[in-house]
Amino acid sequence: MKIQETSLRRDPDLRGELAFLARGCDFVLPSRFKKRLKSYHQQQQQVQSKPEKRPITPPASPAPAELTVVPATRTPSPPPAPVIITPPPPAINIPRFYFPRGLPVIGSSPNHDATIATIETAFTEFEDEKADIYEMGKIAKACGCPLYWKAPMFYAAGGERTGFVSVHSFIATWRKLLHSCHDDASRFIYLLAKPGCNFLEQEDFIPLLQDIVDTHPGLTFLKDAPEFHSRYITTVIQRIYYVVNRSWSGRITTTELRRSNFLQTLALLEEEDDINQITDYFSYEHFYVIYCKFWELDTDHDLYIDLKDLSRYNDHASSNRIIERLFSGAVTRGNAVQREGRMSYAEFVWFLISEEDKKNPTSIEYWYRCMDVDGDGVLSMFELEYFYEEQCERMERMGIEPLPFQDLLCQMLDLVKPENLGRITLSDLKRCRMAHIFFDTFFNLEKYLDHEQRDPFAVQKDIDSEGPEPSDWDKYASEEYEILVAEETANEQLHEGSFDDDYDSEELQVSGDIGNKMEKLVISDLTA
């Protein structure tokens with residue numbers, strides 16, 4: 001007997017019956033098999049008509065003794081729900097937004113060939129198509145750059161080794177620059193920095209500034225006084241880093257150069273013959289004031305001052321505690337100050353500008369670092385009391401009754417309005433726009449008393465004024481220069497009428513000694 005449907009073969013009882021039939025067991029009657037087959041069909045029909053109920057297997061008929069019991073199979077579990085795979089979102093094309101060397105020209109490529117042709121034409125005017133450092137001014141203009149980029153161009157193209165730059169070496173350098181640098185800041189650093197560096201260190205500016213000293217019309221008088229070259233260059237470098245190097249790292253980056261006005265000021269040198277009109281960075285009058293103030297304090301004229309020398313500045317106006325903080329390394333680089341207790345001329349430039357212009361952002365950072373004794377980034381009430389104690393002692397010696405610290409503290413908190421009461425942060429002082437009054441209160445007695453006697457409405461008027469007024473440093477330098485010139489004129493008139501030849505010869509010898517002191521290399525100040 002052949003069973004067609006596969007479902008019939010799966011019934012355990014029926015499979016047992018079929019097994020016996022296959023063995024030829026004739027005691028299993030066909031009629032019984034037919035009944036079992038009919039019963040199985042009825043069960044399948046019931047299962048199909050009622051799918052929600054599980055089919056009941058009919059009781060198994062007594063099997064012969066030889067029949068093995070086959071275990072019932074487990075009802076198969078329902079198939080798992082299909083997993084819906086969500087396709088990943090399409091890739092978002094984010095355009096490049098960071099260009100450390102300037103934004104390239106979008107669209108058609110710039111016409112570098114025309115620039116190169118202009119440069120080649122400019123070189124044809126020189127003998128053997130070679131230019132020295134003084135002739136590089138025409139090449140700088142052919143490149144579309146300010147005149148005083150000529151020294152960086154000259155040294156970048158290898159002119160220092162041979163004394164001249166050939167057309168081939170310069171074009172190779174300039175073509176490489178055009179393909180890698182796309183704005184003035186990145187190009188300036190490329191030309192002036194050491195090979196492989198993307199920042200400027202202090203000594204990198206020396207060739208540029210030496211060329212300005214040698215060729216600018218407003219500095220021609222320095223040709224007869226070469227001993228002053230290094231001092232002037234040191235002053236300008238320190239003023240550049242004071243304004244441009246906002247990170248205090250000693251390295252000017254491309255971003256810092258872009259955010260400053262240095263390149264614009266450098267371009268003005270070509271247009272202005274009177275260098276004193278350019279008060280930012282290059283003014284010789286400002287250098288004269290700074291150097292004379294330093295020379296007055298440097299009694300032994302070794303180009304270094306110690307703690308006692310600096311405390312004499314402005315008739316001991318600054319407190320001893322703040323002077324000690326200046327020599328602690330809070331605002332100086334290197335170990336010379338802490339180890340030897342000496343301050344170089346380069347560090348004095350930072351001190352003087354910070355002392356006379358406490359509204360400048362760098363000055364605020366300068367004095368904030370000094371007052372932050374524990375270096376935790378905030379000024380606590382204990383640190384304020386520490387500096388005010390000396391102010392109180394000095395006022396008592398002068399017969400002035402000092403304001404109690406609690407009352408003063410309330411005034412200062414109302415002045416600064418810190419975000420968190422009980423602690424003053426650097427951002428609080430920069431935001432309040434009255435940081436100069438805050439600092440003078442705690443460590444400059446003379447200016448503190450001036451603020452106390454001044455009309456508060458006049459102070460508020462100065463703060464609210466938005467016009468382009470000269471900075472406090474510009475005002476101070478202008479006033480001090482007039483005083484120094486007047487004193488020098490009076491001394492000259494006095495010497496002409498009352499001094500004999502012996503004194504004149506002695507004076508000349510002293511001047512020679514000063515010149516010998518000033519012949520020291522500028523590098524000693526930059527690396528101190």
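Numbers at a glance
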quantity: Whole-percent pair-distance distribution, where bins are 5 Å wide, for the alpha carbons of the range 223-375; calculated: 1, 8, 17, 21, 21, 15, 9, 5, 1, 0
quantity: Förster radius 41 Å - calculated FRET efficiency between Asn314 and Gln411, Cβ distance, rounded to 0.05; calculated: 0.95
quantity: By accessible area with a 1.4 Å probe, ligands and nucleic acids excluded, highest first: order of Cys181, Cys197; calculated: Cys197, Cys181
quantity: Extension gain (nm, one decimal) between Glu271 and Arg394, 0.36 nm per residue minus Cα-Cα; calculated: 39.2 nm
quantity: Stokes-Einstein D (µm²/s) once Rh is taken as the Kirkwood radius of the range 78-203 over alpha-carbon pairs, at 37 °C in 0.692 mPa s; calculated: 190
quantity: Alpha-carbon centroids, the range 98-167 and the range 185-245: separation in whole Å; calculated: 19
quantity: Where Lys447, Lys308, Lys141 fall by accessible area, highest first, once all protein chains stay in place (1.4 Å); calculated: Lys308, Lys141, Lys447
quantity: Scattering curve values for the range 400-454, log₁₀ I(q)/I(0), Debye with Cα scatterers, q = 0.15, 0.21 Å⁻¹; calculated: -0.42, -0.81
quantity: Charge dipole of the range 108-168 about the Cα centre (unit charges at C-beta), most positive-ward option of Ala117, Phe164, Phe154; calculated: Phe154
quantity: Rounded accessible area of Met412 (nearest 10 Å², 1.4 Å probe); calculated: 10
quantity: Solvent accessible area, Å² - Asp214, 1.4 Å probe, full protein context; calculated: 60
quantity: Label point distance in nm, Glu324-Val105, each placed 7 Å from Cα along Cα→Cβ; calculated: 6.2
quantity: Extended-chain gain in nm, criterion 0.36 nm per residue less alpha-carbon gap, Ile85 and Asp450; calculated: 123.7 nm
quantity: With DNA, RNA and ligands ignored, accessible area of Arg101 (1.4 Å probe; Å², nearest 10); calculated: 100
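The values are calculated or read from the model by the stated rules, or taken from the named source; none is laboratory data. Computed from a predicted structure; not experimentally measured. Using ideal geometry, Cβ is built from the backbone for each residue, glycine included, and neighbour counts are taken over all protein chains shown. Heavy atoms of the whole protein, side chains included, go into the accessibility calculation; ligands, DNA and RNA do not. Shrake-Rupley method; radii C 1.70, N 1.55, O 1.52, S 1.80 Å.
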